[in-house]
Amino acid sequence: MRKLVYYVASTLDGFIAAPDGSADFFPLEPDVLEHLVASWPQTLPTFTHERFGIDRPAGRFDAVVMGRATYDPGLAIGVTSPYAHLTQYVFSRSLPPADYPDVQLVDADPVEFVRELKRRDGGDIWLAGGGQLAGQLLPEVDELVVKLNPFLIGRGVPIVDREFDPRRFRLVETRPFDSGVVVLRYLAA
């Protein structure tokens, strides 16, 4: 069965974006970028591939799921298909499908949709965010990969936004970088 992998950047205090949803305060450190290009190229937007020397982004994912707030920053710069190299599912109740033909808009229960997606043949599924969608899908997350950035911001969009419901994960890999970023990989316990 396919796995749902929540791969996300976070601050030390557990936020994935500022209160307004922006994430431009996360620097793309050269040492981390080198790691991303080598190990996680599918998580880089398609329009950046040429700049980073990515010809065909090979890897474990063939689909990405994201919430509307995660999709919106691309729209703001005119990018309607941020991960054209993957099948893209955007959870939205308000975007008109005819205006966004390059992504599959989903107006359904995220948990049921992802459970069905996991049963289909294919590679793993990347949960790109945001916090509300991750909160809903947390019971379905098989793996959590956090790019932990050395910042405290005080308030913002939490890594998961949900009611109190502890979920345990088992640390399986730690990769520190000179820039202070640490990539942590966990499996659902």
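State the number of residues belonging to segment 140-178 that are open to solvent by less than 40 Å² (accessible area, probe 1.4 Å), acidic (D, E) and in a strand (DSSP E or B). Of the residues in segment 140-178, 1 are open to solvent by less than 40 Å² (accessible area, probe 1.4 Å), acidic (D, E) and in a strand (DSSP E or B). Annotation for segment 181-189: at least one member residue is of a type in the set (S, T, Y), in contact with a Leu (Cβ under 7 Å, 6 or more places away or on another chain), modelled with pLDDT of 95 or more and surrounded by 14 or more Cβ atoms within 10 Å (Cβ to Cβ). Contact map, segment 141-159: first residue at positive phi, second residue assigned to a loop (DSSP other than H, G, I, E, B) and open to solvent by 40 Å² or more (accessible area, probe 1.4 Å), Cβ cut-off under 6 Å, separation 6 or more or different chains; pairs are G156/P19. Only a single criterion out of (1) modelled with pLDDT under 95; (2) within 14 Å of the chain's Cα centre (by Cα); (3) open to solvent by 30 Å² or more (accessible area, probe 1.4 Å) is not satisfied by T87, namely (1).
Residues of segment 90-116 that are in contact with a Lys or Arg (Cβ under 7 Å, 6 or more places away or on another chain) and under 12 Å from V65 (Cβ atoms): V90, F91, S92. A single entry from L95, L75, L105, L127 fulfils the requirement of being farther than 18 Å from V8 by Cα and either in contact (Cβ under 8 Å) with a residue 60 or more places away in the chain or touching a Pro at 6+ places or on another chain (Cβ under 7 Å) (or both): L105. As for segment 107-121, it holds no residue that is at pLDDT 95 or above, within 28 Å of P30 (Cβ to Cβ) and not basic (K, R).
Within segment 46-68, the residues that satisfy the criterion of being under 23 Å from V182 (Cβ atoms) and in a loop (DSSP other than H, G, I, E, B) are F52, G59, R60.
Within segment 106-129, does at least one residue satisfy the condition of being assigned to a loop (DSSP other than H, G, I, E, B) and in contact with a helix residue (DSSP H, G or I) (Cβ under 7 Å, 6 or more places away or on another chain)? Steps first, please.
Within segment 106-129, the first condition is being assigned to a loop (DSSP other than H, G, I, E, B), and the residues that meet it are 107-109, 120-123.
Narrowing further to those that are in contact with a helix residue (DSSP H, G or I) (Cβ under 7 Å, 6 or more places away or on another chain): none.
Checked against the condition, which is being assigned to a loop (DSSP other than H, G, I, E, B) and in contact with a helix residue (DSSP H, G or I) (Cβ under 7 Å, 6 or more places away or on another chain), segment 106-129 yields no hits at all.
I'd like the residue in segment 130-139 that is in a helix (DSSP H, G or I) and small (G, A, S) and, out of all such residues, is surrounded by the most Cβ atoms within 10 Å (Cβ to Cβ). Of everything passing the filter in segment 130-139, A134 is surrounded by the most Cβ atoms within 10 Å (Cβ to Cβ). If the condition is being open to solvent by 50 Å² or more (accessible area, probe 1.4 Å) and within 16 Å of W126 (Cβ to Cβ), then segment 12-61 contributes S39, A58, G59, R60. Among residues of segment 95-105 being assigned to a loop (DSSP other than H, G, I, E, B) and open to solvent by 80 Å² or more (accessible area, probe 1.4 Å), the one that is nearest to P45 (Cα to Cα) is D102. Which one is farthest from L152 (Cα to Cα) among residues in segment 20-45 that are outside any loop (DSSP other than H, G, I, E, B) and among the charged types (D, E, K, R)? Among those that are outside any loop (DSSP other than H, G, I, E, B) and among the charged types (D, E, K, R), it is E34.
The values are calculated or read from the model by the stated rules, or taken from the named source; none is laboratory data. On a predicted model such as this, the values are computed, not experimentally measured, just so you know. FYI the Cβ positions are ideal-geometry reconstructions off the backbone, even for glycines, and counts take in every protein chain you see. Keep in mind that these areas ignore ligands, DNA and RNA; they rest on the heavy atoms of the full protein, side chains included. Shrake-Rupley method; radii C 1.70, N 1.55, O 1.52, S 1.80 Å.
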